[in-house]
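Quick notes on the structure that follows.
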Amino acid sequence: MKVCLIRGAGVDHDEVDDVFRAMKARHVDAVELKRDAEVEKTNDLLKGTDLILTLGGDGTFLAGARLAAPRDIPILGVNHGHLGFLTEIEAEGMEVGLGRFLDHSYRIEERTMLQVALARQGQNLVQEIGLNEVVVDHAGESRILRLEIDVGGQRVGVIDADGAIVATASGSTAYALASGGPILEPTLEDLLLVPMSPFALTVRPIVFAPGQDISLSVVRGPGEMRVDGQGRGHQVAIGDVIRCGSHAKRLKVIRFSPPETFYRRLGDKLGWGRPLVPKK
């Protein structure tokens, strides 16, 4: 058994040492992988890995998901951050959680990953994957973007907006939600398009059925593209096309709680369904 650990910025070395001691006691090989490690080093360290364990917040989990999904490695998130909406257990429950994984006392929850390509003059400049979303927004001197939307080869329309978000069901509770999008149950395979501050009030979010590819062609720009809120953005010019679809492999998330706890998590973490006026 081999576990690869990814540590967030707020996790100190003592906490990592505790993880290594706990795994050593269970005769588990453990290695630490830097969150922003080079791809070549990542491939070598992940060979033969049975579990990716993230220690941190949702950002660390997203980084782990991008490594785990293409390799069919399950991922377990331990929350050391503030929100921890994506993670499964809190820091104090880490040792118990590891024990349950090693004892095969868990379930697998599959999540759709997003496959994104930025094309210019027919050639792909950038290809990335993400768990939550791709955001295309205005940049530089551009005050508004004009995007032509195409779904499965069918022209949907043109929108003028600050930008647009294409999100998975997992990402529906992240930036897409903050921009006015709907909440989707996280195991759904649908993709969601959310315009950001559209010029026309009739331009609303739309959900597309599984298997549909969404293309955003930049008619007015320039803009910038980011996947899962990563620090490095990619410049987008007039004529560029951002193609979004579901990745061939789904993310395997380790869960100890039953599926219906998602709705309780919405209330506990995001306050959904909580009355604004306290009960008397």
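Taken over the range 62-90, the criterion of being touching a Leu at 6+ places or on another chain (Cβ under 9 Å), part of a helix (DSSP H, G or I) and open to solvent by less than 20 Å² (accessible area, probe 1.4 Å) is satisfied by Leu62, Gly64, Ala65, Ala68, Ala69. Considering only the range 222-243, state which residues are open to solvent by less than 40 Å² (accessible area, probe 1.4 Å), of a type outside the set (A, V, I, L, M, F, W, C) and more than 20 Å from the chain's Cα centre (by Cα). Those that are open to solvent by less than 40 Å² (accessible area, probe 1.4 Å), of a type outside the set (A, V, I, L, M, F, W, C) and more than 20 Å from the chain's Cα centre (by Cα): Gly223, Asp240.
Specify which of the listed residues (Ile242, Ile238) is assigned to a loop (DSSP other than H, G, I, E, B), farther than 30 Å from Ser105 by Cα and in contact with a strand residue (DSSP E or B) (Cβ under 9 Å, 6 or more places away or on another chain).
One residue alone meets the criteria, Ile238.
Within the range 244-280, the set of residues being charged (D, E, K, R), open to solvent by 70 Å² or more (accessible area, probe 1.4 Å) and under 17 Å from the mean Cα position of the chain (by Cα) comprises Lys249 only.
Screening Arg220 on (1) within 16 Å of Asp137 (Cα to Cα); (2) touching a Cys at 6+ places or on another chain (Cβ under 9 Å) shows it passes everything except condition (2).
The set of residues from the range 135-185 being open to solvent by 10 Å² or more (accessible area, probe 1.4 Å), closer than 14 Å to Gly223 by Cβ and touching a helix residue (DSSP H, G or I) at 6+ places or on another chain (Cβ under 8 Å) comprises just one member, Val135. Find the residue count for the range 145-179, including only residues that are without any contact (Cβ under 8 Å) to a residue 40 or more places away in the chain and more than 21 Å from Ala209 (Cβ to Cβ). Looking only at that region, the number is 3. What single numbered condition from (1) farther than 17 Å from Ile144 by Cβ; (2) open to solvent by 20 Å² or more (accessible area, probe 1.4 Å); (3) outside any loop (DSSP other than H, G, I, E, B) fails to hold for Gly211? In the conditions (1) farther than 17 Å from Ile144 by Cβ; (2) open to solvent by 20 Å² or more (accessible area, probe 1.4 Å); (3) outside any loop (DSSP other than H, G, I, E, B), Gly211 misses (3) alone. Out of all the residues in the range 207-216, is one or more within 19 Å of Asp58 (Cβ to Cβ) and among the acidic types (Asp, Glu)? Scanning the range 207-216, I find no residue that is within 19 Å of Asp58 (Cβ to Cβ) and among the acidic types (Asp, Glu), so the answer is no.
Working carefully through the options Asp72, Asp17, find the one that is out of contact with any Asp or Glu (no Cβ under 8 Å at 6 or more places or on another chain), more than 30 Å from Gly271 (Cα to Cα), of a type outside the set (A, V, I, L, M, F, W, C) and modelled with pLDDT of 90 or more.
Details: Asp17 fails: modelled with pLDDT of 90 or more.
So the residue among Asp72, Asp17 that is out of contact with any Asp or Glu (no Cβ under 8 Å at 6 or more places or on another chain), more than 30 Å from Gly271 (Cα to Cα), of a type outside the set (A, V, I, L, M, F, W, C) and modelled with pLDDT of 90 or more is Asp72.
Restricting attention to the range 91-127, which residues are part of a strand (DSSP E or B) and open to solvent by 30 Å² or more (accessible area, probe 1.4 Å)? Once the filter is applied, which keeps residues that are part of a strand (DSSP E or B) and open to solvent by 30 Å² or more (accessible area, probe 1.4 Å), the range 91-127 yields Arg107, Ile108, Glu110, Gln115, Arg120, Gln123, Asn124, Leu125, Gln127.
The values are calculated or read from the model by the stated rules, or taken from the named source; none is laboratory data. What you see is a predicted model, and the numbers here were worked out from it, not measured in a lab. We place every Cβ from the backbone using ideal geometry, glycine too, and count neighbours over all the protein chains shown. Side chains included, ligands, DNA and RNA excluded: accessible areas come from the protein's heavy atoms. Shrake-Rupley method; radii C 1.70, N 1.55, O 1.52, S 1.80 Å.
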